[in-house]
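Everything below concerns the one structure shown next.
The values are calculated or read from the model by the stated rules, or taken from the named source; none is laboratory data. Just so it is clear, the model here is predicted, and its values are computed rather than measured. When we count neighbours, we look across all protein chains shown, and the Cβ atoms used for this are built from the backbone with ideal geometry, even at glycine. Remember, those area values only see protein heavy atoms, side chains included, never the ligands or the DNA or RNA. Shrake-Rupley method; radii C 1.70, N 1.55, O 1.52, S 1.80 Å.
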Amino acid sequence: MGNKRFGMFKGFGRAMSFGKSSAKVYVKALTGKTFADVAGQDEAKEALAEIVDFLHCPEKYAEIGAKLPKGALLVGPPGTGKTLLAQAVAGEADVPFFSISGSEFVEMFVGVGAAKVRDLFRQAAEKAPCIVFIDEIDTIGKKREGQTGSSDEREQTLNQLLTEMDGFDGNKGVVILAATNRPDSLDPALLRPGRFDRRIPVELPDLSGREAILHVHAQKVKLDSDIDFNAIARATAGASGAELANIINEAALIAVRDGRSFVEQKDIEESVEVVIAGYQRRNAVISPKEKELIAYHEIGHALVAAVQADSAPIHKITIVPRTSGALGYTMQIDENEKHLLSKEEVLAKITVLTGGRSAEELVFGTCTTGAANDIEKATKLARAMVTRYGMSSSFDMTALETVNNRYLGGDASLICSAETAARVDEEVCCIIKSAHDKALKILSDNRDKLHELAFFLLERETITGEEFRAILDKKAAHAV
Ligand code: ADP
Ligand code: ZN
Ligand code: MG
């Protein structure tokens, strides 16, 4: 699945996004990090273990005449531990770590970048065996195309980098690691044999990976004895290592704010929501009328999800506003980690997304801007069904879109004629319309439950999956 960033959240209101600051240039002797600091990512660690061994005893490799790759490229989404892995390689091999970030070159004057690269490699050659780490290499290593003056500096820097990589003797024990989250934009010259010819994927962690990462970071804080890390890991599908580290730290801050000296399960649960949706805005002023609408909207999502067989179970519903701008949300958590989605499941997801708006229409006879985020997500899914997943009736298994940047949101561009594009739009519209109709039908068939659940949510502001199901399963006390 392309977009699985916290896929189970349906925020009411603005889209939720995560920021990430850019790294800085630094050169330091030893990192102090080891593979033990990196949880999960076993394949990446295995691939890097050979480099560690090479740095330990280059002679072993020289003797037999084997050449190790000069460079390895760590490729994956932001926050998955690429920088951490590079530091860990240096730590494991116990060699100096020279680090420079591509983004540092961006505002430099012409010539300075190239000189910096020259400098870096000169220093590294003196300190060999060592590791040279170029973070965010895409900022200098972009494909050289077109002739715009502004890219002069970048191009010179890149050329210098290529020259340096070709120039040094691989057996000296200088290993170059680089990291990027946009591998498809890299200049092919960089990927040629003798340069970064080894590519190490560093993907978002799976369920067990997330649990392991939570454990690693939890060692740094004082914990209650019975923390269920598996439950937290299940609630954070699509989260990166950096986000998980942040979740543990936030939980510790919440515990301090609460005047406790250790972290409890509920702190981590609250922290998951803080990291995803921002802090609670307890004092936000929301009129009773709006509150009612938001409650119906969220119950609309939840009820549609509960009635359909192919939807993930409801974990929590809340109408406490968050600093991200979300006014409420419905959290669904799958029993097991999902790697594939069936057509039925994708359709069910789209139907759930339309459930919020459907409830507004059904109960208030109007619609609000609150569904904007749902609409965006539903459209994205429906479009992918038609253009990428081969799940439409008219286009069979034809690819109509390619994904440009699969690690950074994955925006896609059409690769079909204008006529086909128009038909795609029609088909997308059709899918969403029938999902919307289905949601409307589910809700009007369950109108009593819709009201009962919405009142309950209005009263409590937050309800759990169990509370939700208890009301749902209760036989109607008085038939209408
Ligand atoms: P990237 O370079 O891929 O964007 P970083 O290596 O900078 O990501 O990761 C940022 C932080 O996130 C790390 O310092 C670490 O605290 C945490 N982190 C990320 N991935 C992992 C992991 N696999 N195990 C433990 N911590 C991780
Ligand atoms: Zn919604
Ligand atoms: Mg990084």
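Note on Leu458 and Asp42: the model spin-label points, each 7 Å out from Cα along the C-beta direction, lie 5.2 nm apart. Listed by chain and number, the lysines placed with their C-alpha closer than 23 angstrom to that of Lys220 are Lys20, Lys33, Lys45, Lys82, Lys266; residues fewer than eight positions away on the same chain are left out.
On the accessible surface of the chain, probed at 1.4 Å, how many percent belong to carbon and sulfur atoms? C and S atoms contribute 52 percent here. The value of relative contact order for the chain, using C-alpha pairs under 8 Å at least six residues apart, is 18 percent.
The residues of the chain present an accessible area of 48 Å² per residue when probed at 1.4 Å with all protein chains retained. Highest mean first, the peptides 352-363, 45-56, 412-423 sorted by other C-beta atoms within 10 Å per residue fall in the order 352-363, 45-56, 412-423. For a label point 7 angstrom out from the Cα of Thr379 toward its Cβ, which stretches of the stretch 428-443 have the backbone nitrogen within less than 19 Å? It comes to 428-437, nothing else.
Between the Cα long axis of helix 372-387 and the first principal axis of the chain there is an angle of about 70°, rounded to the nearest 10. Here the simple spin-label model places points 7 Å from the Cα toward Cβ, and for Thr366 and Asn404 these points are separated by 3.9 nm. Modelled spin-label separation between Arg423 and Ser444, with each label point placed 7 Å from Cα along the Cα-to-Cβ direction: 3.3 nm.
Against the main long axis of the alpha-carbon atoms of the chain, helix 112-127 sits at an angle near 70°. Rounding to the nearest 10 and keeping the result within 0 to 90°, find how far the Cα-based axis of helix 42-56 lies from the longest principal axis of the chain. Between helix and principal axis, roughly 20 degrees.
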